[in-house]
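No lab work stands behind these numbers, since they all come straight from the coordinates. All figures in this text were calculated on a predicted structure; none of them were measured in a lab. When we count neighbours, we look across all protein chains shown, and the Cβ atoms used for this are built from the backbone with ideal geometry, even at glycine.
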Amino acid sequence: MENLNWAEPIRNSTTGMKIIDISLPLSKKTIVYPGDLKISIKKHKGKTSTHSEITFGSHTGTHLDAPSHVFKNAPGVDKIDLKKMIGNCRVLDMTHVKESIRIVDFRKEKIKKGERILVKTNNSFKGFKKFRNNYIYLDGDAAEYLAKRKISLFGIDYLTVKQKGSSDTRAHDVLLKNKIVIVESIDLSKVKPGKYTFVGLPLKFTGLDGSPIRAVLIKK
């Protein structure tokens, strides 16, 4: 059997389509936000097959946040408009940012209504092996800015959009209140800024506050 390197982009030789997996690998070693449930995997071997018992948190690995993550009686992942999870997107170069992504960083990008916006910061290059408190996050005012422009999806290359321990929760609240899907823990280390097709579908958990997704970018 051919030995494939799953970490590398896959190109379809027939269509010329390049698929870049921006999802984090899921295993017992996958980092989680402090206090979240770690992945536990137990294999059960039968006579003719093997199945696994998997325990993990709803915000494990590459995942999306549903409105019920922060609002009581709000929609869960099963109510997310899947059209937001498939379509054109832009990866913005935010590698110049030192602490938080602010309004000034978005102004030059001419963000339009309905866009799917992913931000590539130095988080991707520092890796996802160990949790860091000094990760790049989305400023609350910048979240308000994106909401006013009515984007459909926002993705960031770390475990959360907001600053750890901050009382300013607008990075979550404002986006989710305005029905903007939040995608967290995407790995953009091998992705050049530019235009792509984004695909990232959640598992259909009823009413759940979040779900892991398999997120990919497609370039033709």
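Remark: spin-label model distance Leu26-Ile86 equals 2.0 nm, labels positioned 7 Å along the Cα→Cβ axis. For every other residue with a beta carbon closer than 13 angstrom to the beta carbon of Leu26, add +1 if it is Lys or Arg and -1 if Asp or Glu, then tell me the sum. Net charge in that neighbourhood comes out at +2. Kirkwood radius and radius of gyration were both taken over the C-alpha atoms of the chain, and their ratio Rg/Rh is 0.97. Secondary-structure-derived ellipticity at 222 nm for the chain, considering helices only, amounts to -3000 deg cm²/dmol, per-run term -39500 (n - 2.57) for DSSP H runs with n ≥ 4. Between Ser40 and Lys126, how many nm apart are label points set 7 Å from Cα along the C-beta direction? Each label point lies 7 Å from its Cα, and together they span 3.1 nm. Take the Cα of Asp141, go 7 Å toward its beta carbon, and the backbone nitrogen atoms of the stretch 67-100 under 13 Å from that spot belong to 100.
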